[in-house]
Amino acid sequence: MSSSLFDLTGKVALVTGGAGYLGAAFSEVLAAYGAKVIVASRGLDKCRDFAAKLGPQHEGLALDLNDEPAVRSLIDDIVKRHGGLHVLVNNGYSGPMPTHDEATAEDFQRTFQQGITSYFVASQQASKHMRKAGGGSIINIASMYGLVASYPEVYENLPGPSVNSPPNYHALKGGLIHLTRHLAVYWAKYGIRVNAISPGPFPQERVSSTVGGKELVRRLCEKVPLKRMGQPRELQGALILLASDAGSYITGQNLVVDGGWTAW
């Protein structure tokens, strides 16, 4: 297989949440394969600093996913200044994490606004430019929890502050995976591929370093066939496949990177 299949030289890629825990890995691999990467999130300074580390051709921009006009304007501006948008990675998310007993309608509304509505708005706006250019790749970052339920016992009675498995998050990711399929079949005629990546357990250090987080990780590892947690770099292969010509006949799919969790 020729390495040119993965070459993104001359392509422009937008990664929302592109300086975050998983987003940074996505931005890095896109840059490594030649794309001009636009790193965007609410933290402008963080995005600019990270983009500078990637190289002078990359750019950090401010983006509030809850602001529809801002999302549309940002994409239009990227196309105007850089000559196109070839890859969109919908990754940014920082929604509420309520328990099943505490979740409110507002929690669900906020979650869906940021994790589905904003992803659709960005995809829709990007698609308008991609279809004029003859195609492009849209990649939504979903989750294994959009496919399967979690094990309640993994999250029960953890010491100290820890994470849970919130119902709004599960509903969000399940919906996002199906939205991916739906957009893929409608935009295929324009040469636009729409796919999702569903990571398995990839806990951040701020979670895994706490007493409760360490116990959570131990329990999670018991449920993973590979018996360990994922590292952000282990999502890079899936992303570059879907972003490049190596995945030119892949659309409407959900690529699961979960250490075997959903194989049980």
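The values are calculated or read from the model by the stated rules, or taken from the named source; none is laboratory data. Every value quoted in this text rests on a predicted model; they were computed, and no experiment measured them. So basically every Cβ, Gly included, is an ideal-geometry build from the backbone, and we count neighbours across all protein chains shown.
Figures for the structure shown
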{"read-out": "Selection status of residue 207, surrounded by fewer than 22 Cβ atoms within 10 Å (Cβ to Cβ), at pLDDT below 95, β-branched (Val, Ile, Thr) and touching a Phe, Trp or Tyr at 6+ places or on another chain (Cβ under 9 Å)", "value": "no"}
{"read-out": "Among the candidates 230, 191, residue that is under 22 Å from residue 88 (Cα atoms), at pLDDT 95 or above and within 23 Å of the chain's Cα centre (by Cα)", "value": "191"}
{"read-out": "The one condition in (1) farther than 19 Å from residue 140 by Cα; (2) touching a residue at least 40 places away in the same chain (Cβ under 8 Å); (3) assigned to a loop (DSSP other than H, G, I, E, B); (4) among the aliphatic types (A, V, I, L, M) that residue 229 fails to fulfil", "value": "(2)"}
{"read-out": "Flag if residue 227 is of a type in the set (D, E, K, R) and closer than 19 Å to residue 165 by Cα", "value": "no"}
{"read-out": "Segment 151-161, residues that are crowded, with 17+ Cβ neighbours inside 10 Å and either touching a helix residue (DSSP H, G or I) at 6+ places or on another chain (Cβ under 6 Å) or outside any helix (DSSP H, G or I) (or both)", "value": "154, 158"}
{"read-out": "Residue within segment 155-174 that is of a type in the set (Val, Ile, Thr), modelled with pLDDT under 95 and touching a Gly at 6+ places or on another chain (Cβ under 8 Å) present", "value": "yes"}
{"read-out": "Flag for residue 131 being of a type outside the set (A, V, I, L, M, F, W, C) and at pLDDT 95 or above", "value": "yes"}
{"read-out": "Qualifying residues in segment 1-57 (those that are of a type in the set (Val, Ile, Thr) and outside any strand (DSSP E or B)) - the one surrounded by the fewest Cβ atoms within 10 Å (Cβ to Cβ)", "value": "9"}
{"read-out": "Positions within segment 242-252 being over 14 Å from residue 198 (Cα atoms) and either assigned to a loop (DSSP other than H, G, I, E, B) or under 17 Å from the mean Cα position of the chain (by Cα) (or both), in sequence order", "value": "243, 244, 248, 249, 250, 251"}
